[in-house]
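Take a look at the structure below.
What follows is calculated from the coordinates using simple rules that are stated; it is not laboratory data. Predicted model only: the values in this text are computed from it and were never measured. All Cβ positions, glycine included, derive from the backbone under ideal geometry; neighbour counts span all protein chains shown.
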Amino acid sequence: MPVLPRTAPLAGALLLAACTATGPAATTDPTAGPSATAAPATAAPATAAPATAAPATAVPAATPADRDCASLVSVGLGDEAWRAAPSAGPAVFAPLDYAWGDRAGFAARAADGQGWRRFKVAMRLRPGTPATVTVAAPQRGVAALTYRNGLDDTVTFAACGDAADPPPVVEFAGGFALREPACLAVDVTWPGGAARAVLDFGKGGC
């Protein structure tokens, strides 16, 4: 009869202990659903703001002229007098009660309480052409326009008539006021141009 080795009972005891110490393996319930997994956060797509139209801006109406065609006059000067008168672009200036450069005549002109001497100077304007007449800036303290009912630095004149079929005259009454003798620079502007006339009030030559 064969003799078992003495180590056999010890090996069997160890094997039995290992089997009893280890629990059954975990099992998965086939009816259970998959474990929930948090979905990664995603940013909402940016939405462009709807385009809005800029508010409409009203176009300002054209400024009416200070002198319109209802105020036209005929001063009665002949064509020769107008041709000899100083001009700037479409505007011509002709004195009615004064001779250009007359020193004595200037000194004899009575001044008002503020020192203004007034002179009647008609203006003829090319038919169909609007214009703005302005006293040059350096002389505005001693000279002014009197084509309206006061003293002005600037006066606008409406376009009257048609260059192809003009009225008999496009002339405006009015003039200038001065506090002292001057070679008065008068700027005339019109669509597409600008020019200057120099008017001799009491200087005897300009």
Sorted on mean Cβ neighbours within 10 Å (highest first), peptides 111-122, 173-184 come out as 173-184, 111-122
Projecting the Cα atoms of PRO95, CYS183, LEU199 onto the charge dipole of the range 60-206, where Lys and Arg contribute +1 and Asp and Glu -1 at Cβ, the residue farthest towards the positive end is CYS183
Label model pair GLN114, GLU80: point-to-point distance (7 angstrom along the Cα→beta-carbon line) in nm is 4.0
Diffing the range 84-89: the Karplus 3J(HN,Hα) column from phi (6.51, -1.76, 1.60, θ = phi - 60°), in whole Hz with x for Gly and Pro, holds 7, 7, x, 9, 8, x
